[in-house]
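Below you'll find the structure, written out as structure tokens, and then a few comments.
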Amino acid sequence: MSEHNKALVRKIYQATETGDTAILDAVVTGHVIEHPLNPGQPPDREALKQIFGGFSVLVPDLRITVEDIIAAGDRAAVRSTVTGTPAGPYLGVDPAGRPMRAGGAVEDTRAPGLVLAD
């Protein structure tokens, strides 16, 4: 995967961290497939905008550090670390202002210049 395509994948994390979902319009195809869908969630880029746009509201000091991007062909695996302090309850848990830290791994499939699946 070229450095250009790695930069496209990093922009998804930038959109999540900042809440600037307009970034997704530039790097994610409108027909993206998000897995899994929540009840009532649209099955396209709008789903990503709802999810990713909400993270920066829920966790105002959200930071996402991309640790690695490993790529082959049209796929990329991303390992990241997420930190921040939730501002309110999430999934029924009240964090009471406690900082959180989580690791994650995601696989993306891409077309030239656009992410197809996340």
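The values are calculated or read from the model by the stated rules, or taken from the named source; none is laboratory data. Only a predicted model underlies this, so the values are computations on that prediction, with no experimental measurement involved. Please note: Cβ atoms are built from the backbone with ideal geometry, for glycine as well, and neighbour counts cover all protein chains shown.
Overview of values
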| read-out | value |
| --- | --- |
| Single condition V115 does not satisfy, out of (1) within 19 Å of L8 (Cβ to Cβ); (2) modelled with pLDDT under 90; (3) part of a helix (DSSP H, G or I) | (3) |
| Selected residue [part of a helix (DSSP H, G or I) and modelled with pLDDT under 80] from H31, H4, H35 | H4 |
| Output for the stretch 1-26, where each listed residue is touching a strand residue (DSSP E or B) at 6+ places or on another chain (Cβ under 6 Å) and in contact (Cβ under 8 Å) with a residue 60 or more places away in the chain | M1, K6, V9, Y13 |
| Those residues of the stretch 38-50 which are in a helix (DSSP H, G or I), of a type outside the set (K, R) and free of Cβ contacts under 8 Å to residues at least 24 places away in the same chain, in sequence order | E46, A47, Q50 |
| All positions within the stretch 64-87 that are modelled with pLDDT of 85 or more and part of a loop (DSSP other than H, G, I, E, B) | T85, P86, A87 |
| First in the stretch 69-94 and within 15 Å of V59 (Cα to Cα), second anywhere and β-branched (V, I, T), Cβ under 6 Å, 6 or more apart | T81/T65; V82/I64; G84/V59; P86/V59 |
| Odd one out for K11, checked against (1) crowded, with 16+ Cβ neighbours inside 10 Å; (2) at pLDDT 90 or above; (3) of a type in the set (K, R) | (2) |
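Conditions tested, residue by residue: (1) surrounded by 14 or more Cβ atoms within 10 Å (Cβ to Cβ); (2) in contact with a helix residue (DSSP H, G or I) (Cβ under 9 Å, 6 or more places away or on another chain); (3) under 15 Å from K11 (Cα atoms).
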site	(1), (2), (3)
Q41	yes, yes, no
E46	yes, no, no
K49	yes, yes, yes
L58	yes, no, no
D61	no, no, no
I64	yes, yes, yes
I69	yes, yes, yes
G73	no, no, no
